[in-house]
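Working notes for the structure below.
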Amino acid sequence: MRNRILDKTLLKYLLLFYFVAFLVSALSGVVAKWQGNAFNTYSWSGMLFNTTFRYTSKLLFVILALLLVRYLQERKGISQWVGILLHGVFGVLLTFYSVSTQVIFGNVFYGYDDPVTWEYIYPRAVLGTDYNFFLYFCSVAIVYAYYYFKKQKEYELQESQLKTQLLDSKIRSLQSQLQPHFLFNALNDIAALVDQSPDKAQDSIADLSDMLRKTLQLKDTKFIPLEEELELLRKYLEIESIRYATKLKVREHIEDSTLKLNVPPLLLQPIVENSLKHGFSYDHDNLIVDLNITTHKDRLIIIVSNNGKPLTLEKDHFGIGLSNILSRLDTLYEDNFVFEMTNIKDGKGVQTLIEIPS
């Protein structure tokens, strides 16, 4: 859709500019008449009427000239330089137009008999060319500045929208990647229960169905409240508890004030899953996972720790789930986040730290 030749906001700016110019001119006229230096043949009301007429006629001329040049640029495709040249011509013509209308105004309203001829108008127009030229090009400057900043704002908005679309696309791609990853792992866990405990396997399938229904609803969601994220995590742990029974214990230490804060969906589950996958070992057959969530200033701090097997090579523990978290955090927060996975001192387990804006 084409842009309007002259929109209402720009027209308001032009009217404001000419109103200020009118006030300055009216004030100088009052002072000049008061001191007897000008407008001696006019009454006070006549002088005000004359000033109003002059600036109204100037404004009409300027708006028509601006409309014509912009029409030629927008619809006929004339170059910027041709437009500037036309503005220069109109800037000069404004003076002759202004003098001509003043002569006609005096003849009609005050009974003057001034000739409307080139010989009479030219010398008077030359005297006022600098002021009228300046007045016209101030109007041109307002128009060009307005459209420049408007174009910049539209460009920034478009750039922001494109960036948001790209971010949304990346987040959807990452979350779509994570859902089948979780599904395959959960199905493998359930498959291991089919022969050993069919009833438990059946319960796990029901829990898995409920959790998948919730995760699929997050397909186009960049953030969810922490309490919803915790609900998803607890669903996952219900499935895993059937497999690990009393060998797994999860303890939550969560500040109530954090529950309404937004976090990326499926943030906690891959970390806890990683704790189970790498924490259990021959020497660590009972696993305790502690989930601590607090706030400090404007930061949300999440610490997931376990008493399981220490890390050997940190990179070996960054599978699809954790790599996915890192990619999403980087996309959402750029450099404004912390993600650290370290061994607890004295070989007492592994700690994962996440710090994001609250």
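All of the numbers you see were taken from the coordinates with simple rules; none came from a lab. Given the structure is predicted, the values throughout are model-derived calculations rather than measurements. Using ideal geometry, Cβ is built from the backbone for each residue, glycine included, and neighbour counts are taken over all protein chains shown.
General observations
- Our helix-only sum for the chain, with -39,500 (n - 2.57) per DSSP H run of n ≥ 4 divided by its residues, gives a mean residue ellipticity at 222 nm of -23500 deg cm²/dmol.
- Cα-based Rg and Dmax for the range 39-120, where Dmax is the largest Cα-Cα distance (Å): 16.3, 50
- Among the chymotrypsin sites (Phe, Trp or Tyr not before Pro) in the range 108-159, none sits in a DSSP loop with a Cβ that has at most 10 other Cβ atoms within 10 Å.
- Less than 5 angstrom separates the built amide H of Thr295 from those of Ile301, all sequence-distant by 5 or more or on a different chain.
- Packing-based exposure ordering (other Cβ within 10 Å, fewest first) of Met211, Met341: Met341, Met211
- For the range 205-358, size of Cβ-based charge dipole, Lys and Arg +1, Asp and Glu -1, in debye: 260 debye
- Note on the chain: Rg/Rh from C-alpha atoms, Kirkwood Rh, equals 1.39.
- Rounded, prolate or oblate (a/c below 1.5 giving rounded, otherwise prolate when a/b exceeds b/c) for the range 8-158 by Cα gyration tensor: prolate
- Spatially near lysine pairs across the range 8-158, Cα under 24 Å, sequence gap of 8 or more or different chains: 12
- Cβ crowding within 10 Å, taken as a proxy for footprinting-reagent exposure, orders Thr352, Thr95 from fewest neighbours to most as Thr352, Thr95.
- Amide H within-cut-off set for Ser358, under 5 Å, with H built and near neighbours excluded: Arg299, Leu300
- Candidate lysines for bridging to Lys277, where Cα separation is under 16 Å - those fewer than 8 sequence places away on the same chain excluded: Lys247, Lys249, Lys309, Lys315
- Sites Arg213 and Asn188, calculated FRET efficiency, Cβ-Cβ separation with R0 22 Å, nearest 0.05: 0.65
- The GNM of the chain, with springs linking C-alpha atoms under 10 angstrom apart, assigns the highest mean-square fluctuation among Gln202, Gln269, Gln35 to Gln35.
- Simple label model, 7 Å out from Cα along Cβ direction - Tyr146 to Thr41, nm: 3.7 nm
- Rounded FRET efficiency, nearest 0.05, which uses the C-beta distance separating Lys153 from Glu255 and R0 of 45 Å: 0.65
- Across the range 95-115, the residues whose backbone nitrogen lies under 17 Å from the label position 7 Å along the beta-carbon direction of Val126 are 95-97, 99-100.
- Extension gain from Glu334 to Val89, taking 0.36 nm per residue of separation minus the Cα-Cα distance: 82.9 nm
- Sites excluded, GluC sites (Glu not before Pro) in DSSP loops with at most 14 other C-beta within 10 Å, longest stretch of the chain: 1-254
- Cβ-placed point charges (K, R +1; D, E -1), dipole of the chain about Cα centre in debye, nearest 20: 1760 debye
- Extended-chain gain in nm, criterion 0.36 nm per residue less alpha-carbon gap, Asp203 and Tyr13: 61.4 nm
- Reachable aspartates and glutamates, given that their alpha-carbon falls under 19 Å from the alpha-carbon of Lys214 and they are not under 8 places away in the same chain: Asp203, Glu227, Glu228, Glu229, Glu231, Glu238, Glu240, Glu273
- Calculated FRET value between Asp346 and Leu311, using beta carbons and R₀ = 22 Å, to 0.05: 0.95
- Phi-derived couplings, Karplus 6.51 cos²θ - 1.76 cosθ + 1.60 at θ = phi - 60°, listed residue by residue for the range 331-344: 5, 7, 10, 6, 8, 9, 7, 10, 9, 9, 10, 9, 7, 6 Hz, with x used for Gly and Pro.
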